[in-house]
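Scroll down for the structure; my scribbles are underneath it.
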Amino acid sequence: MRFVDEFRREADAQKLVRAIERLVTRPWTIMEICGGQTHNLIKFGIDRLLPPSITLVHGPGCPVCVTPLELIDKAIRIAQQPHVIFTSFGDMLRVPGSTSDLLSARAQGADVRMVYSPLDALALSQKYPDREVVFFAVGFETTAPGNAMAVWQARQLGLRNFSILCAHVLVPPAMQAILASSDNRIQAFLAAGHVCTVMGTREYEPIAEQYRIPIVVTGFEPLDLLQGLYIALRALEEGRWGVEIQYTRSVTRDGNVAAQQLMHQVFEMCDRQWRGIGLIPASGYCLRSSWAEFDAERRFDLSGVSTQESSICIAGQILQGLKKPPQCPAFGIQCTPEHPLGAPMVSSEGACAAYYQYGQPG
Amino acid sequence: MIDLQCPIPISDYPVVTLAHGGGGRLSQMLIERMFVPTFSNTALEALHDGAILELNGTRLAFSTDSFTVSPLFFPGGDIGSLAVHGTVNDLAMCGARPLALSAGFILEEGFPMEDLWRILLSMQRAAAEVGVPVVTGDTKVVERGKGDGLFINTTGLGIVLPSAHIAPQRAAPGDVVLINGPIAEHGIAIMSQREGLAFETDLVSDSAPLVDLVMRLLEVGGEHVHVLRDPTRGGVASALNEIAAKARVGIRLDEERIPVADAVRGACEILGLDPLYVANEGKCIVIVAPEVADRVLEIIRAHPQGGQATLIGEVVQEHPGKVFMRSRIGGLRVVDMLSGEQLPRIC
């Protein structure tokens, strides 16, 4: 298949692995930001092809994993109201809240529907004018333009029964929080190719300067990942820092300006709780006050939603790259995809799920 | 001894979720913790696609399946042809030639009579193609809103070929794993028609009867054919995991060799689905002893249902109970059983 097979050729992958072996003279620790990258690193066995002196640390770029528990509990509360059609990307449905998840809420009678785009949710609100249609707007800068578009169109169409539960998060503040931590051991980043397709790379330049760290904007296919690692390791070995783009077939320095403009029209930056990590200032998007009529948190009474996180789960340390999933005492024992204690075990971008599903045979 | 005083074995799920019907680990839990211990008997405990019963020295295969597909009409078939193919294929996977089918219909009040007629004609054609009569049936009508248009149950009875000795436990190290063509076509064809996901594709379901194919390969392979399995719900990965667990062997796949049509791969890449977990309705996993592998593969390839048959892996001693795969770029990974439904990713 074109545009996929070219990036999965074994001979080319082996060439890059050899080049990395020749390049590396000492141990390095590199974090890939995006959960999609984590999954492909493990699914294709790339982590095991690399020299053992290279440590790959999995980053916080799993939107499902970092969505705060409180918002999942609020989502379930909204979904349980009889006149509501609650819509969400499929990935979010299995994520455990304090006591339940959206799939269980559906099994108990809530009208929870999986959609593939926020615009599908908008179509539902046109089809069912006497129901309240709520879309769970999760994700990084990748999904934000689509969600901004849904809200913008809802106003154009004069829809009064559409709202979003907004849980957007932003990559650069999370990178800064990781780098500023006293426990930090990350020496280079593979930044998320799809986020930067939207946002461009300018906002990463001051981070690379401040922390003197190489940031390589990388794609998702095996050859992308290996090439991104090669570029990052080359910079590390040569003592250079700065932003480099591996994913040139999609990313430019300026990004998608039209998408950015729409996002800024609808959203503004706000402080955001990250599940397992805590509050990071100016790390999320909320609806601007001029768009508040589409904010589900204002439309529904959500008082008295109380949240309780599992005390065993170490998702926070995993999302910050401080620990790897097999180091968690609950991994594969109390915590499995059927009985997740934390979100990284259920999301298709979660690090724990990747290790559980694709990990070593024994 | 189980009675009503016994606690419910799956107490952590207070209600049934869709994942309990997904063909993955939760379906398996439901079967192994609730159904099998409750009805406990040797024919059931074999947990094959159908039960094998002995009657005066003749082995009978007995299998049942219910069909709830939505939409009822899809590219490459409809619920009627699917209900025939599903059950005759389950019999074929026991090494049996189908003798007769029953058909039960649960109809929803208001269901268009014309659609019912189309579905019946389609069932009739599918059954005639296999040469199996539908000999008994049942009809129930439920109130509007209490069914999804139409559900069909079919049950089949077949006679096991004397030369057939098919059981998941017979998979042995050294055996090879064959498949009769590209995977995941039924699941993706159905998904392409669902509300909210209509995407343009020429893809059709692979729904087809496998009886003739199985009879021919058994003629050549005889008792060297160790396992037959149609990877329906849960896909190839779930079927192979069940076999690996039953036989206490490892199964090693080679990603490069697994046939997947470009249209299916494209849809899976976009949606973030793994074709190994997507349903098939005209595919058969054949595990055979190495000495007959070439001849069996030749026979499958010569058959209309097996033109693109390939060898996709082998049974090994290492990692008993697990399926693992050499990735396209040479890495190794586990191919686990799916825990619930596959859900499309966010970005």
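The values are calculated or read from the model by the stated rules, or taken from the named source; none is laboratory data. The structure displayed is predicted, hence computed values, not measured ones. Quick reminder, even Gly has a Cβ in these numbers, built from the backbone with ideal geometry, and neighbours come from all protein chains shown.
Residues that are surrounded by 16 or more Cβ atoms within 10 Å (Cβ to Cβ) and either within 20 Å of the chain's Cα centre (by Cα) or assigned to a helix (DSSP H, G or I) (or both) within the stretch B:119-148 comprise B:119, B:122, B:123, B:126, B:127, B:129, B:130, B:132, listed in sequence order.
Among the residues of the stretch B:302-330, those identified as within 14 Å of chain A (Cβ to nearest Cβ), touching a helix residue (DSSP H, G or I) at 6+ places or on another chain (Cβ under 6 Å) and among the small types (Gly, Ala, Ser) are B:321, B:327, B:330.
When we screen A:48, A:94 for residues that are closer than 20 Å to residue A:326 by Cα and at pLDDT below 90, the only hit is A:48.
Contact map, the stretch B:69-91: residues that are touching a residue at least 24 places away in the same chain (Cβ under 8 Å) paired with residues that are hydroxyl-bearing (Ser, Thr, Tyr) and part of a helix (DSSP H, G or I), Cβ distance under 6 Å, separation 6+ or inter-chain. Pairs shown: B:78/B:122; B:80/B:122; B:81/B:122.
Exactly one residue out of A:174, A:180 is small (Gly, Ala, Ser) and touching a strand residue (DSSP E or B) at 6+ places or on another chain (Cβ under 7 Å), and it is A:174. Just give me the residues in the stretch B:222-231 being surrounded by fewer than 23 Cβ atoms within 10 Å (Cβ to Cβ) and touching a Ser or Thr at 6+ places or on another chain (Cβ under 9 Å), in sequence order. Within the stretch B:222-231, B:222, B:223 meet the criteria.
The rows are residues; the columns are (1) away from chain A (no Cβ under 13 Å); (2) among the small types (Gly, Ala, Ser).
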residue	(1), (2)
B:260	no, no
B:263	no, yes
B:272	no, yes
B:277	no, no
B:284	yes, no
B:288	yes, no
B:295	yes, no
B:300	yes, no
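Every condition in (1) more than 14 Å from chain B (Cβ to nearest Cβ); (2) among the β-branched types (Val, Ile, Thr); (3) crowded, with 24+ Cβ neighbours inside 10 Å is met by residue A:195 except one, and the failing one is (1). Picking from residues in the stretch A:349-362 that are part of a loop (DSSP other than H, G, I, E, B) and facing chain B (nearest Cβ under 9 Å), the one that is surrounded by the most Cβ atoms within 10 Å (Cβ to Cβ) is A:349. Looking at the structure I just gave you, is residue B:129 out of contact with any Gly (no Cβ under 8 Å at 6 or more places or on another chain) and farther than 27 Å from residue B:283 by Cα? Considered against the rule, which asks whether it is out of contact with any Gly (no Cβ under 8 Å at 6 or more places or on another chain) and farther than 27 Å from residue B:283 by Cα, residue B:129 comes out as no. Tell me yes or no: at least one residue of the stretch A:202-221 is over 24 Å from residue A:277 (Cβ atoms) and within 14 Å of chain B (Cβ to nearest Cβ). Yes, the stretch A:202-221 contains at least one residue that is over 24 Å from residue A:277 (Cβ atoms) and within 14 Å of chain B (Cβ to nearest Cβ). In the stretch A:183-213, which residues are at pLDDT below 95 and part of a helix (DSSP H, G or I)? The answer is none; no residue qualifies.
Any chance the stretch A:150-162 includes a residue that's buried (at least 23 other Cβ atoms within 10 Å of the Cβ), within 11 Å of chain B (Cβ to nearest Cβ) and either closer than 18 Å to residue A:265 by Cβ or of a type in the set (Val, Ile, Thr) (or both)? So far as the stretch A:150-162 goes, no, none of its residues is buried (at least 23 other Cβ atoms within 10 Å of the Cβ), within 11 Å of chain B (Cβ to nearest Cβ) and either closer than 18 Å to residue A:265 by Cβ or of a type in the set (Val, Ile, Thr) (or both).
Quick check on the stretch A:116-124. Is at least one of its residues away from every other protein chain (no Cβ under 12 Å), without any contact (Cβ under 8 Å) to a residue 40 or more places away in the chain and under 21 Å from the mean Cα position of the chain (by Cα)? No, the stretch A:116-124 contains no residue that is away from every other protein chain (no Cβ under 12 Å), without any contact (Cβ under 8 Å) to a residue 40 or more places away in the chain and under 21 Å from the mean Cα position of the chain (by Cα).
Each residue in the stretch A:74-91 was checked for being modelled with pLDDT under 95 and among the charged types (D, E, K, R), and 1 of them qualify. Selection of helices (runs of 4 or more DSSP H) fully inside the stretch A:1-96 by the criterion of at least 3 residues being out of contact with any Cys (no Cβ under 8 Å at 6 or more places or on another chain) and more than 12 Å from chain B (Cβ to nearest Cβ) returns A:10-23, A:69-79.
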